[in-house]
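Have a look at the structure below, then the notes.
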Amino acid sequence: MQRHLAVGADIGGTNIRVALVDKSGRVRSHWRERIGEQRTPGQVAQLLARGALEVCRRAGVRINQTAGVAAGLAAQLYGTKGWVAVAPNLGWREVDFGTAASAALGRRVQILNDLDAIALGESAFGAARAKREVLVVFAGTGIGAGLVLGGRLQRGAGSLAGEIGHVKVRPGGRLCGCGQRGCLEAYLGGANLSARLRRRARRDWPELLRASGALDEINPGTVEKLFRRGDPRAAALWRELAGMLGLVLANAITLLNPRALVVGGTVLRGCPALWHLSRQVLEEQVLAASRRDLEIVPARLGDMAGVKGAAAFLLGQDLC
Ligand SMILES: [Zn+2]
């Protein structure tokens with residue numbers, strides 16, 4: 001038996017990535033495929049099964065000798081059986097993906113929220129290695145968090161723990177993809193922020209268009225560029241958004257008392273000035289005693305965090 005090996009997968013809106021991972025976090029074999037137009041739950045389940053069998057074949061391992069198959073999915077899940085409430089990048093709503101994936105492979109496939117998988121990956125093998133109390137927050141297209149406490153992933157009563165993107169920062173404010181108003185993600189999520197910037201470029205902020213070259217090229221990085229040039233509107237927007245993010249993070253840390261805060265995602269990675277301002281707000285607003293032993297570190301595993309974390313879920317929580 002090869003119980004020190006597990007198959008981890010990461011299902012995004014564009015690509016599916018599968019790897020055979022060992023207990024030390026080493027990738028033994030790796031497979032990636034574009035998710036094209038064939039993106040029904042059944043079709044993605046077939047892709048996942050193909051990838052899982054392929055990484056085992058390449059490593060010369062039989063899949064039923066491994067600790068199993070788990071996949072991180074950018075979705076709000078209900079419960080622990082892989083029922084998807086909504087997966088916006090794939091256009092899924094109310095889908096039993098866990099059953100579809102298990103049927104395609106002929107054995108049980110565990111489905112995790114993508115940030116839960118990333119949190120486990122960074123805790124077991126990455127930026128927060130050997131830390132048992134870890135909050136991982138990613139701001140990319142959307143915003144999410146994963147939480148490891150006492151060395152164990154905390155998924156919440158309905159697998160919804162960590163939905164930090166839907167913490168309210170302006171009650172009654174901007175409409176969010178979740179259907180509610182005033183969520184952090186409605187302001188700071190990359191997709192929502194880019195859409196807002198494109199509207200402003202046409203209305204009252206033409207410098208955005210000049211700095212990016214084309215309307216559909218405008219993104220949070222354009223504001224970062226203008227901020228560095230001293231644009232007052234960029235400074236005002238970054239202060240507004242940093243105030244929201246910094247306060248949400250400070251409150252989360254005050255509530256949970258993690259040892260490490262791991263941050264990542266394209267918006268924070270691509271906008272260091274925004275992160276710098278957010279961190280200042282965090283430091284001002286967090287309970288001083290909670291700040292004392294807190295390490296704030298960037299995510300380290302990059303694109304492999306999800307697959308490694310999904311594998312870590314099967315290989316044992318004692319990795320964290
Ligand atoms: Zn929301």
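In region 127-145, the residue that is surrounded by the most Cβ atoms within 10 Å (Cβ to Cβ) out of those that are more than 21 Å from residue 270 (Cα to Cα) and at pLDDT 95 or above is 134.
Return yes when residue 70 is touching a residue at least 40 places away in the same chain (Cβ under 8 Å), out of contact with any Ser or Thr (no Cβ under 6 Å at 6 or more places or on another chain) and of a type in the set (Gly, Ala, Ser) and no when it is not.
Working: touching a residue at least 40 places away in the same chain (Cβ under 8 Å): yes; out of contact with any Ser or Thr (no Cβ under 6 Å at 6 or more places or on another chain): yes; of a type in the set (Gly, Ala, Ser): yes.
Yes.
Residues in region 147-200 that are in contact (Cβ under 8 Å) with a residue 60 or more places away in the chain, away from the ligand (no atom under 13 Å from the Cβ) and surrounded by 19 or more Cβ atoms within 10 Å (Cβ to Cβ): 147, 148, 153, 159, 190, 193.
For region 139-171, a tally of residues being within 20 Å of residue 291 (Cα to Cα) and among the hydrophobic types (A, V, I, L, M, F, W, C) returns 5.
Checked against the criterion of being modelled with pLDDT of 95 or more, crowded, with 20+ Cβ neighbours inside 10 Å and farther than 22 Å from residue 189 by Cβ, the candidates 59, 103, 52 yield just one match: 52. State whether one or more residues within region 247-260 are touching an Asp or Glu at 6+ places or on another chain (Cβ under 9 Å) and free of Cβ contacts under 8 Å to residues at least 40 places away in the same chain. Within region 247-260 (the criterion being touching an Asp or Glu at 6+ places or on another chain (Cβ under 9 Å) and free of Cβ contacts under 8 Å to residues at least 40 places away in the same chain), the answer is yes, since at least one residue qualifies.
Per-residue answers, yes or no, for (1) closer than 13 Å to residue 121 by Cβ; (2) of a type in the set (Phe, Trp, Tyr); (3) touching a helix residue (DSSP H, G or I) at 6+ places or on another chain (Cβ under 9 Å):
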{"residue": "275", "(1), (2), (3)": "no, yes, yes"}
{"residue": "281", "(1), (2), (3)": "no, no, yes"}
{"residue": "288", "(1), (2), (3)": "no, no, no"}
{"residue": "291", "(1), (2), (3)": "no, no, yes"}
{"residue": "296", "(1), (2), (3)": "no, no, yes"}
{"residue": "302", "(1), (2), (3)": "yes, no, no"}
{"residue": "308", "(1), (2), (3)": "yes, no, yes"}
{"residue": "312", "(1), (2), (3)": "yes, no, yes"}
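Identification of helices (runs of 4 or more DSSP H) wholly contained in region 172-282 with 1 or more residues that are under 18 Å from the mean Cα position of the chain (by Cα) yields 184-188, 190-203, 220-228, 232-256, 266-270.
I want to confirm something. Restricting to region 88-132 and keeping residues that are within 13 Å of the chain's Cα centre (by Cα) and of a type in the set (Gly, Ala, Ser), which single residue is farthest from residue 144 (Cα to Cα)? My answer is 121.
The values are calculated or read from the model by the stated rules, or taken from the named source; none is laboratory data. It should be emphasised that the depicted structure is a prediction, and the values quoted were computed from it without experimental measurement. Note: ideal-geometry Cβ built from the backbone for every residue, glycine included; neighbour counts use all protein chains shown.
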